[in-house]
Every structure is written in structure tokens, then in C-alpha cells.
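Please read the structure below before turning to the comments.
The values are calculated or read from the model by the stated rules, or taken from the named source; none is laboratory data. Since the model is a prediction, treat every value here as computed from it, not as a measurement. Cβ: placed from backbone, ideal geometry, glycine included. Neighbour counts: every protein chain shown.
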Amino acid sequence: MNFCSRCGHALQEREIDGKVRPVCPACAAVVYRDPKVAVGVVAARAGAVLLTRRNHEPKMGQWSFPSGFVDAGEQVEEAAIREVREETGTEVRLDRLLGVFSETGNPVIFIAYAATVIDGEPVPGPECLAVEFFPPERMPELAFPHDGEILRRWATGGRCP
């Protein structure tokens, strides 16, 4: 954001509340950057985990869990179920929360769930190159650093501490 949404004046960076933030010098409006919330689902059937091969950046071509951003006003649980449906064509039942993941400097908060596939056969959605079930002992290399911890929590019945 380069201009004030209230008065249209060019924003300047200033320290506000201990952080550098965009501030309007004309009307003193402060821009507080909100995080983005994303969900991911370890969806399983018969002990195998459903993964998607990403067809977009970041990590295009790599395997990960069905995931995506939560829409404004959408319940995170509904977003998790929607993302699995959009990316894999399957329906799931959420079983438990696996954890909430965040990193300093990264605006994305990632919420991971364990789920059971209850209907449908996997078909790649528009954001996937491929969709496939993998047994835990034959997992491909996963795309994101937190994917390993998420999978460990799923496998051990663990959840967010």
C-alpha cells in the first residue's frame, strides 16, 4: 500500500507501537498489516496420506498437503474442507487440530488439521499437477519446512501443544 485509503496522500514509514508502519502524514492514519490465514489438511484413507503436486509457486512441482487461504468471514474448518474438495475432488471429515504454525517475518499463519477421506476418488483440481495417496513409509520429499512436523503430529496422534 502506497497511498492512504482515507485521504489518498502518499504514505511514509514511521515507528508506531514499536514497529515501522506506513503512516499518512496528512491525516495520521496508521496502516496495520494483518496476517493471512491458511489451512492445510493431512487427509488419510486406509492409512495413506493424500498429497497434491503443486502447479504454482511457491514450491511448484513439489508435493504437499491440500492447502490454501481462508476467505474473509469463512470458518477455518470450512476452509480446510473446501480446499481439500477444490484440490482433490474428495470430501473429508476433520478429525483433529494438528497445530498452528507461524514464523517471524512471515505474514502467513498456517493451521493444520488431520482428516479422513469419506467420499470421492482423487482428481487433480486446477491448482494441482497430480493427486496421490502415499503410505507413510513411502512419502515423497515435502515442499515446506513445517510439513515434516505436521506429518509427525499426524502419525503420532499429536496435536498443537
Original post:
Does segment 16-56 hold any residues that are at pLDDT 95 or above, among the charged types (D, E, K, R) and exposed (fewer than 13 other Cβ atoms within 10 Å of the Cβ), and which are they?
Top reply: Lys36
Original post:
What's the number of the condition Glu137 fails, among (1) out of contact with any Leu (no Cβ under 8 Å at 6 or more places or on another chain); (2) farther than 30 Å from Lys19 by Cα; (3) part of a strand (DSSP E or B)?
Top reply: (3)
Original post:
Which of the residues belonging to segment 83-98 are crowded, with 17+ Cβ neighbours inside 10 Å and under 14 Å from the mean Cα position of the chain (by Cα)?
Top reply: Glu83, Val84, Glu87, Leu98
**OP:** Collect the residues in segment 140-161 that are outside any loop (DSSP other than H, G, I, E, B) and either surrounded by fewer than 16 Cβ atoms within 10 Å (Cβ to Cβ) or in contact with a His (Cβ under 6 Å, 6 or more places away or on another chain) (or both), keeping them in residue-number order.
**Re:** Gly148, Glu149, Arg152, Ala155, Thr156
Subject >> Pick from segment 14-55, criterion closer than 16 Å to Phe144 by Cβ and basic (Lys, Arg), ranking: nearest to the chain's Cα centre (by Cα) >> reply: Lys36
Original post:
Does any residue of segment 112-132 turn out to be part of a loop (DSSP other than H, G, I, E, B), over 17 Å from Thr88 (Cα atoms) and without any contact (Cβ under 8 Å) to a residue 60 or more places away in the chain?
Top reply: no
Subject >> For Thr90: the one exception among (1) closer than 24 Å to Lys36 by Cα; (2) of a type outside the set (A, V, I, L, M); (3) touching a helix residue (DSSP H, G or I) at 6+ places or on another chain (Cβ under 9 Å) >> reply: (1)
